[in-house]
Ligand SMILES: [Fe+2]
């Protein structure tokens, strides 16, 4: 079973498919009615310059209310420049509060995967409850991102990544735990901007999470907490009466499809200071 997954992963690492094969569209958090769309053009992201020409190139972007990108509500064109490794940052304004949106980039005839996000509720709206998750410490060469796959299945308003989105350590020729061939340029520790871009591209090369809609939900970190054996994330649900925290843990990082379970839960109730394990 593991061998089959490893082979599939190797295929993904070694084949580029279009400008977005490694660095798919993703998003930093939408705040209220504005937000930043992000992607990077890198058809050969393990090569210097990501396989892009050393000049500015135009990139189109669109934001739509449906996943098929038919009902476009905002769109525009930006220049991706070599100084920023042809990464693209688009500030989108004028969106409606508390809505789901989808977005996509276009470079020449190449379309990025469709990204998904939602805007925060209006400040006038009374929010009954809120669910979010936080995560940290994802390490590509120490296992599959099983936990993030499960996180993407949750109904969450947002996800906070607390840090260690990537580690600076050099990557073994066999990709460590993943048993995937990794080019020589990954062997040294990350100490330069170019090397960091390579590492970032490698971490981004992990299969994106797909949920009920099949849409791309960004990259998929696995998260360690407590110790090196337990991986997962923390889910928080908040309403007027209580704050519940669940420590969600995957069974194993040896399988991308690993199931997840709640390891422990804690409750803080209104009027009762302190968390109580439930
Ligand atoms: Fe860490």
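For region 176-200, name all the residues that are at pLDDT 90 or above and in a loop (DSSP other than H, G, I, E, B).
181, 182, 183, 187, 188, 189, 190, 191, 192
Find the residue count for region 37-55, including only residues that are surrounded by fewer than 18 Cβ atoms within 10 Å (Cβ to Cβ) and in a helix (DSSP H, G or I).
The number of residues fulfilling the criteria is 3.
Check whether at least one residue in region 71-78 is free of Cβ contacts under 8 Å to residues at least 12 places away in the same chain and in contact with a strand residue (DSSP E or B) (Cβ under 7 Å, 6 or more places away or on another chain), and report yes or no.
Within region 71-78, one or more residues are free of Cβ contacts under 8 Å to residues at least 12 places away in the same chain and in contact with a strand residue (DSSP E or B) (Cβ under 7 Å, 6 or more places away or on another chain).
If you scan region 141-167, which residues turn out to be outside any loop (DSSP other than H, G, I, E, B), modelled with pLDDT of 85 or more and within 13 Å of the ligand (Cβ to nearest atom)?
142
Sort out which residues of region 16-45 are modelled with pLDDT of 80 or more and under 19 Å from the mean Cα position of the chain (by Cα), and write them in order of number.
Passing the criteria: 37, 38, 39, 40, 41, 42, 43.
Identify, by number, the condition in (1) touching a helix residue (DSSP H, G or I) at 6+ places or on another chain (Cβ under 8 Å); (2) touching a residue at least 40 places away in the same chain (Cβ under 8 Å) that residue 52 doesn't meet.
For residue 52, the exception is condition (2).
Of all the residues that make up region 122-140, how many are in contact with a strand residue (DSSP E or B) (Cβ under 7 Å, 6 or more places away or on another chain) and away from the ligand (no atom under 16 Å from the Cβ)?
So the count comes out to 6.
Let me spell it out: the conditions are (1) at positive phi; (2) more than 14 Å from the ligand (Cβ to nearest atom); (3) free of Cβ contacts under 8 Å to residues at least 60 places away in the same chain, and residue 175 meets all of them except one. Which number is the exception?
(3)
Taking region 100-112 on its own, how many of its residues are surrounded by fewer than 22 Cβ atoms within 10 Å (Cβ to Cβ), assigned to a loop (DSSP other than H, G, I, E, B) and in contact (Cβ under 8 Å) with a residue 24 or more places away in the chain?
Adding up the residues that qualify gives 1.
Limited to region 126-142, what total is found for residues that are under 21 Å from residue 238 (Cα atoms) and in contact (Cβ under 8 Å) with a residue 24 or more places away in the chain?
9
The values are calculated or read from the model by the stated rules, or taken from the named source; none is laboratory data. Everything numeric in this text was worked out from a predicted model, so none of it was measured. Neighbour counts run over all protein chains shown; Cβ positions are idealised from the backbone, glycine included.
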